[in-house]
Amino acid sequence: MAEREKLLEVRDLKVTFGNKRHPFTAVDGVSFDIYRGETFGLVGESGSGKTTIGRAIIRVNPVSGGTIKYDGQIISGKVSREVDHHVIENIQMIFQDPMASLNERAKVDYIVSEGLYNLNGRLSEAERQEKVSRALSAVGLLPEFASRFPHEFSGGQRQRIGIARALIMDPTFIIADEPISALDVSIRAQVLNLMSRLQKERGLTYLFIAHDLSVVRFISDRIGVIYRGKLMELAESEQLFAHPLHPYTRSLLSAIPMPDPVGERDKKLLVYDPAAHGYTPEDPPQWVEIEPGHFVRANERELDAYRKQLGQ
Ligand SMILES: Nc1ncnc2c1ncn2[C@@H]1O[C@H](COP(=O)(O)OP(=O)(O)OP(=O)(O)O)[C@@H](O)[C@H]1O
Ligand SMILES: [Mg+2]
């Protein structure tokens, strides 16, 4: 297999909120890579730190430990203006709730081109309008929509406006933070199809954040599972579904609805109990690559059991 190029390298990332007396660590020692051109799914329940990681990557949340590298360059912590600019130009974020994330009083024209004002404002008005038209077309919206307001659109169309707003920057890497969670089930597939078409056409790399595994299963090349600020498991999508090791991953899998109604009725939901690991200071959990590309958080005792499971 050809050597894959690492576009993003997150190492021991730590993000702490609050103050010295009441610190709260939302992201606690997270490490993962994202390869150029792939879709990396990040899955975990509400409050597990997914958005915080996305915002740390785009330099909105300060990191309190670890490093983030993009394109071989450190982009976390104090960086030069050039590096800061590089991040603004190359990394874009798409949000869950198109209504809340779009400025209701601004026209689509302004909303879509807002990011361009952060660049060196060397565009002429005609060039800016041309870029808006092209971004709208790329997401399947008519260029004349530019003169309308967000409330005139359906949820799916608003999410397309959100995507156009990212695309206009001609990014390399897009962080999609639950981009379809707020949409009707019937239009989710449309937005997912649009995103994968854009990925193919433009060679985009995605970090796709979601609550549940069923959403990311078919669009992700690899998936990371996060729980309370720590990664529990990371593997290629197929491997994660075929051989889940960590009990939290298993509980997420058990929550996915099955197409067979009989099986669905008899299905047992697995509830994850973090205390059941029984970790001791003598045998603490570590982040281990148990087989090539398959990482799990486990202690020695658990690793022995997992290795047997994998037939090692
Ligand atoms: N700016 C902030 N100040 C203080 N605490 C914060 C801040 N941002 C996030 N947190 C806390 O950090 C934790 C992780 O939040 P985060 O938004 O990253 O979770 P999430 O996985 O994206 O959840 P959701 O699925 O609900 O979007 C939560 O407990 C949250 O309350
Ligand atoms: Mg979030």
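None of the figures in this text is laboratory data; all of them are computed from the coordinates on show. Computed from a predicted structure; not experimentally measured. Using ideal geometry, Cβ is built from the backbone for each residue, glycine included, and neighbour counts are taken over all protein chains shown.
When you have a sec, figure out the Kirkwood radius of segment 244-312 from all distinct Cα pair distances and drop it here in Å to one decimal?
13.7 Å
Just rank F218, F32, fewest to most, by other beta-carbon atoms within 10 angstrom.
So the ranking, lowest neighbour count to highest, is F218, F32.
Counting just the Cα atoms, what span does segment 79-173 cover along each of its three principal axes? Round to the nearest Å and put the largest first.
41, 31, 23
Starting from the Cα coordinates of segment 6-228, work out the convex hull volume and express it per residue in Å³.
127 Å³
Please report the orientation-averaged projected area of segment 17-128, defined via the convex hull of its C-alpha atoms, in nm².
9.8 nm²
Determine, for R297, R228, the number of other Cβ atoms within 10 Å of each Cβ, and report the residues in order from fewest to most. Can you show the working numbers first?
Numbers: R297 21, R228 16.
Lowest to highest Cβ neighbour count: R228, R297.
Using Cα springs under 10 Å in a Gaussian network model of the chain, which residue among Y70, Y279, Y248 shows the largest mean-square fluctuation?
Per the Cα network of the chain with a 10 Å cutoff, Y279 tops the list.
Any chance you could tell me what percent of the C-alpha pair distances in segment 12-65 go past 16 Å?
When every Cα pair of segment 12-65 is considered, 45 percent fall beyond 16 Å.
When you have a sec, figure out the Kirkwood radius of segment 168-312 from all distinct Cα pair distances and drop it here in Å to one decimal? Can you show the working numbers first?
Values: mean 1/r = 0.0581 Å⁻¹.
After inverting the mean inverse Cα-Cα distance, the result is 17.2 Å.
Using the charge dipole of segment 6-228 (Lys, Arg: +1 at Cβ; Asp, Glu: -1 at Cβ; taken about the Cα centre), state which of L42, V185, G65 has its Cα farthest towards the positive end.
Going by the Cα projections, it comes out as G65.
Looking at the chain, send over the antiparallel percent of its DSSP beta bridges, to the nearest 5.
That works out to approximately 65 percent antiparallel.
Given H placed on each backbone N at 1.01 Å, which residues far from M232 in sequence or on other chains put an amide H within less than 5 Å of it?
Those lying under 5 Å, H to H, from M232 are V225, I226, Y227.
Show the residues, 5+ positions off or on another chain, whose built amide H is closer than 5 Å to the amide H of G29.
L13, K14, V15
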